[in-house]
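Novice: Before anything else, here's the structure in question.
All of the numbers you see were taken from the coordinates with simple rules; none came from a lab. Not measured: the values here are computed from a predicted model. Cβ: placed from backbone, ideal geometry, glycine included. Neighbour counts: every protein chain shown.
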C-alpha cells in the first residue's frame, strides 16, 4: 500500500496572494520512503504519475475552498486513489486525539510530523473516506475541436471528425462489453458520423477501464456522477468500547463513557424494559465493563452484563452521595438515577486508569489503543494481544527538546571550591544509588524470570483450554450425528415392522396380498411407496376413487402393477383400459383390509382378471375397428375429390 500524507506549511487555498505549500510524507509497504515540500499543482501531478492508494489530510479545508472545489479536486485524482480525512468524518476530532488512539506521538507544530501522523493513521485503517460520486460513471465521446465557419473542404473535414467520433465511441463500447459492464448509450448523429456519444455506466469510476484522453479530432471525458453533497464513510470499526453504569429500579438510569472517559450516553426512564436498555447500549457502542454503585451487583444488571459478555465491576463498599458527585465531576446529569449510573461508570473508568497509563508507556506506536486496553481488561497479556504483528518501523516521536549546551567553567574562586565539595558529596551519593540500582536490577531480573515462568504456565493452560474447546466441539458434532443415526434407525425399525406385518397378512394360497390406500391420489400412492414400496405385480386397493387423475394412473402404469381394486365409473375404467391397468371392482373381491395392508380372495381375483382381459380384448378390437373405419372414410373422401378433379 502506498500512502501520501500531506499538511499545509504556509499559504492557503483561500489566499490570492500566497498559494499553499504542503509537507508531503510518502509511506510504502509500512516504511517511510520520502518527504518533500510541494505546491498543489506539483502534488496533483505527482499523484497522477504515481497513483497512490490513499491521499490523507487532517482537514479537507486545506485542499479545497468549498464543496464545489472539493468535487473538482476529487475528480482530478486517479480512480484508484482514495481521499481520507484522518481526523474523522463530519464529527471531527483533533489530530492529537486521533493519534493518541494509536499511541502515536508527534510535534503538532511541525507540518511534516502532522503529515506523517496522518499517513500512519490512514495506513492503519483510521480516518474517514471522502465520498463525492455515485456508483455511476459518465463517459462522453465528442469532437475535439470546433468545425469553424468552413471553406471548400468543409464537408470532407466534418466527415473526418464525425467519423473519428463514431470510431472512438465504438472502441469505448467494445471495452465496456469486454469487461461486462452495464450501460446505456445516447448518440447525436451528424454529417458523416456522430458528433457526441454519452455512455452512462452502472459502475463506480474506478471500475470503468476508460481514461480521459484528448486528441486532434476526438476527446473522451470520464467522470463519476456527483452526489448531492460530500459524504464521509468511516473506515474500520466505528463503535468504541464503553464503560457502562446502570442504576436499576422503577426508574432505570444508564450511562456510558469511552475508554478515555468521554461521556456518550446519560439517560433515565420509567418505561425502559431490559430489552430497551440493551438496545440503547448497543446503539451507543460496545459495552466492555458493566458497573453499579452497590455491592453485590443486582440480578437485573447481571443479566444485562451477560447479554454483552462484559466484565462486571462493583465498588468495595457502597458510595456516598458526595463521592458520587465527585466521580461525576463536570459531566451534566438530570436526576439522581442518572447521577448514580454515571458515577458507577466513572468509578470503573478510574479504577482501570492507572493500568491504562502503564499500557500506553509499554505499547509501541501503530496499534489501536482501544483494542489493546479492551484485551487487557479481559485478562489478556500484551504479548497475547500483540502476537507477532509488531510493526517493522514505528513513527518516531518528534518535537523532543534539544540538548542544552553546558557553559564552560570560569576561573576557580571561593564559590567554585564550595561547588567542588558539593560535587564530591554528590558523587558519593551517586555511588550509593548505583549500588542500590544494581540490587534492584537483580530483583527485576528475578521477577522477570518468575513472570516468564508464570506466562509459560498461563500459555500452557490457554493451550489446554483451546484443545478442550476443540474436543468439546467435536463431541457435540458426534452427538448430533448419533442422534441423526438413532432417528434413522427408528424409522428403519418401523419400516421392518410394517414389512413383517405385511408378510404375515397373506393367509395362504387362497388369499392374495393387497396394499391399501385411502384414495386414488398422488399423496396416498406416494405413502404406500414410502412405507412398503410398489413393485411389479403388486395389487393396490383404494377405498375411494373420487378425485382420481391421469397423473396417478400414469404412475401406476409405470410400476406395472398386477391390478387396481376399487369402485369407479366408466371414465376411470376407460382410462385404465387405455393405459393397460387391470381395474377390478372391489365388491366381489372379498377384501380383508387391516390398516395399510390386507388380502383378497385369490380365485375371485383371477376370475375378475379373466373377465377384464376379455373386456380389454373387446376394447382393443373396437379401437382397431374405429381406426379401420376412419381410414376407409378418409380414403373415400380422397377418391371423391380425385373424381371431381378428373371430371
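Novice: Whole angstrom only: what separates the Cα centroid of region 440-482 from the Cα centroid of region 363-388?
Specialist: 18 Å
Novice: Fewest Cβ neighbours within 10 Å first, please rank 53, 646, 347 accordingly.
Specialist: Listing 53, 646, 347 from fewest to most nearby Cβ atoms yields 646, 53, 347.
Novice: Further question: Have a look at the DSSP beta bridges in the chain and tell me what percent are antiparallel, nearest 5.
Specialist: Values: 66 of 92 bridges.
Looking only at bridges with both residues in the chain, the antiparallel portion is about 70 percent.
Novice: Considering the chain, what Rg and Dmax in Å follow from its alpha-carbon atoms?
Specialist: 44.8, 163
Novice: May I pose another question? I want to verify the translational diffusion coefficient of region 173-220 in µm²/s; compute it with Stokes-Einstein, Rh as the Kirkwood radius over Cα pairs, at 25 °C and 0.890 mPa s.
Specialist: 202 µm²/s
Novice: Take the alpha-carbon centre of region 555-573, take the same for region 244-265, and report the distance between them in whole Å.
Specialist: With region 555-573 and region 244-265 each reduced to a Cα centre, they are spaced 76 Å.
Novice: Continuing with this model, one more query. Relative to the longest principal Cα axis of the chain, at what angle does helix 299-308 sit, 0 to 90 degrees, rounded to 10?
Specialist: 80 degrees
Novice: Once the Cα atoms of helix 550-559 and of the chain are each reduced to a long axis, what angle between those two axes, in degrees from 0 to 90 to the nearest 10, is obtained?
Specialist: Tilt relative to the chain: about 80 degrees.
Novice: Order by neighbour count: 327, 513, fewest other Cβ atoms within 10 Å first, most last.
Specialist: 513, 327
Novice: How high is the relative contact order of the chain, given as a whole-number percent (alpha carbon pairs under 8 Å, six or more residues apart)?
Specialist: Relative CO of the chain lands at 9 percent.
Novice: Out of all DSSP beta bridges in region 235-342, what portion is antiparallel? Express it as a percent rounded to 5.
Specialist: If we restrict to bridges inside region 235-342, about 60 percent are antiparallel.
Novice: Still on this structure, please answer the following. I need the P(r) histogram for region 511-629: all alpha carbon pairs, bin width 5 Å from 0 out to the longest distance, whole percents.
Specialist: Pairs per bin, as whole percents: 2, 11, 23, 24, 20, 11, 5, 3, 1, 0.
Novice: Let me ask another. Can you sort 191, 308, 41, 583 by how many other beta carbons sit within 10 Å, fewest first?
Specialist: 41, 191, 308, 583
Novice: Before rounding to the nearest 500, sum -39500 (n - 2.57) across all DSSP H runs of length at least 4 in the chain and divide by the residue total; then give [θ] at 222 nm in deg cm²/dmol. Intermediate results must be reported in sequence, preceding the final value.
Specialist: Details: 16 runs with 302 residues, N = 647.
After summing the helix terms and dividing by the residues of the chain, the value is -16000 deg cm²/dmol.
Novice: Could you state the number of Å between the C-alpha centres of region 110-183 and region 269-286?
Specialist: First find each Cα centre; the distance between them is then 49 Å.
Novice: Considering Cα pairs under 8 angstrom that are at least six residues apart, work out the relative contact order of region 1-131 and quote it in whole percent.
Specialist: Once divided by the residue count of region 1-131, the mean separation gives 29 percent.
Novice: Please compute the contact order of region 241-362 in relative form: average sequence separation of alpha-carbon pairs under 8 Å and at least six residues apart, divided by the residue count, as a percent. All intermediate terms of the calculation are to be shown ahead of the outcome.
Specialist: Values: 223 pairs, mean separation 40.0, N = 122.
With pairs under 8 Å counted, the relative contact order is 33 percent.
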